1. Starting with the fewest neighbours, write out Glu108, Glu85 ranked by other beta-carbon atoms found within 10 Å of each beta-carbon.
2. Between Val107 and Val60, what is the label-to-label distance in nm when each label sits 7 Å out along the Cα-to-Cβ direction?
3. If each residue's Cβ is checked for other Cβ atoms within 10 Å, how do Lys58, Lys45 rank with the fewest at the top?
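Any read-out appearing in this document is the output of simple, stated calculations on the displayed coordinates, not a laboratory observation. Please read all numbers here as calculations on a predicted model, not as lab measurements. Positions of Cβ are generated from backbone atoms using ideal geometry, with glycine treated the same way; all protein chains shown enter the neighbour counts.
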Amino acid sequence: MLEDIPHDQRLKMSSCRSLCTHKDLLQVFLISCELICSLVGQMIKCHLSKLMGEKKLKIVDVARETGVNRGTITRLYHETASRIELDSIEALCRYLNCEVGELFEYVEDR
């Protein structure tokens, strides 16, 4: 039956099957990472959402005004970021008129 399908169509089918497999693996990987993060917990707490809420700021506006990538701000806002550039911290502190210690807090491991 596979022999009846033209070669170029078989390649397309193969690519689609491969893509679906990679997508499924990526989804499993992301769920695993999320589970590990929730079990381990964060040692550095980010107060960006609190600071933005006090000033009634939106993520898109902070990104535009600071030049920090919107995805970075979103991850900080939801406390899912695992790292951040010092330039981004500086830009956020300058824009929010706060100290680094007001933006981030070290929390003892549970």
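1. Details: Glu108 5, Glu85 11.
The most exposed by this proxy come first: Glu108, Glu85.
2. 3.0 nm
3. On the way: Lys58 10, Lys45 13.
With the sparsest Cβ surroundings first, the list reads Lys58, Lys45.
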